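J.: Have a look at the structure that comes next, please.
Readers should treat all values here as calculations from the given coordinates under stated rules, not as data from a laboratory. Since the model is a prediction, treat every value here as computed from it, not as a measurement. Every residue, glycine as well, gets a Cβ built from its backbone with ideal geometry; the counts of neighbours run over all protein chains shown.
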Amino acid sequence: MNDKTKKVYGNIPGLPLSGAVRAGDYVFVSGQIPVGDDGKIVDGDVAAQTRIVMDRIVSLLREAECEISDVIKCTCWLESTKDFQDFNEVYSQYFPKDPPARATVEAKLMVDAKVEVEAIAWKPI
């Protein structure tokens with residue numbers, strides 16, 4: 001693949017988006033929400049939902065031949081600021097060293113989830 005090639009990973013049936021897209025040295029992971037294999041939101045507190053979301057990101061990055069340590073920026077949405085500490089406890093387990101730049105905001109999500117996270121990874125090809 002050369003630096004002008006775009007490659008798509010994790011197509012999501014029925015939705016007009018890709019799970020992740022590699023463009024040159026960058027991989028852009030779409031906002032991930034806590035869904036199970038059946039496509040439905042997995043019930044649970046913000047910690048449980050954050051684990052599901054982060055595991056989905058790890059999986060998409062692996063498809064794109066990246067690791068979680070290649071992530072340079074995350075944008076995170078929480079349904080409630082009250083969940084910030086519990087979210088951080090789980091999130092930090094995925095970035096134990098040199099965490100990426102990050103923005104976290106409170107927002108009404110488009111679905112009935114407590115958390116959504118998108119990521120940008122950099123891994124030269």
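J.: Give me ASP70, ASP98 ranked fewest to most by other Cβ atoms within 10 Å of their Cβ, as a rough exposure proxy. Numbers along the way, then the final one.
T.: Details: ASP70 19, ASP98 8.
Ordered by Cβ neighbours within 10 Å, fewest first: ASP98, ASP70.
J.: Relative contact order for the stretch 1-84 using alpha-carbon pairs under 8 Å, separation at least 6, rounded to a whole percent?
T.: On the way: 87 pairs, mean separation 17.5, N = 84.
Result for the stretch 1-84 is 21 percent.
J.: Can you sort LEU15, LEU109 by how many other beta carbons sit within 10 Å, fewest first?
T.: Details: LEU15 10, LEU109 15.
Fewest to most other Cβ atoms nearby, the residues stand as LEU15, LEU109.
J.: Number of Lys-Lys pairs in the chain under 20 Å by Cα, sequence gap 8 or more or different chains?
T.: The result is 12.
J.: So how do MET54, MET110 line up by other beta-carbon neighbours within 10 Å, fewest first?
T.: Ranked by crowding around the Cβ, least crowded first: MET110, MET54.
J.: Run the helix sum for the chain: -39,500 (n - 2.57) per DSSP H stretch of 4+ residues, divided by residue count, reported at 222 nm to the nearest 500 deg cm²/dmol. Walk me through the intermediate numbers first.
T.: Numbers: 2 runs with 29 residues, N = 125.
It comes out at -7500 deg cm²/dmol, rounded to the nearest 500.
J.: I've got another one for you. Starting from the amide H of VAL35, placed 1.01 Å from N in the peptide plane, find each other amide H under 5 Å away whose residue is 5 or more places distant or on another chain.
T.: Answer set, sorted by chain and number: VAL42.
J.: Scattering from the C-alpha atoms of the chain alone, worked out with Debye: what is log10 I(q)/I(0) at q = 0.10, 0.13, 0.14 1/Å?
T.: -0.29, -0.50, -0.58
J.: Give me the extension gain from ALA107 to ARG62: residue separation times 0.36 nm, minus the current Cα-Cα distance, reported in nm with one decimal. If you can, show how the numbers build up before the last one.
T.: Numbers: separation 45, 0.36 × 45 = 16.20 nm, distance 2.85 nm.
Here the answer is 13.4 nm.
J.: List every residue whose amide H lies under 5 Å from the amide H of THR104, counting only residues 5 or more places away in sequence or on a different chain, with H placed 1.01 Å from N in the peptide plane.
T.: It is CYS76, by chain and number.
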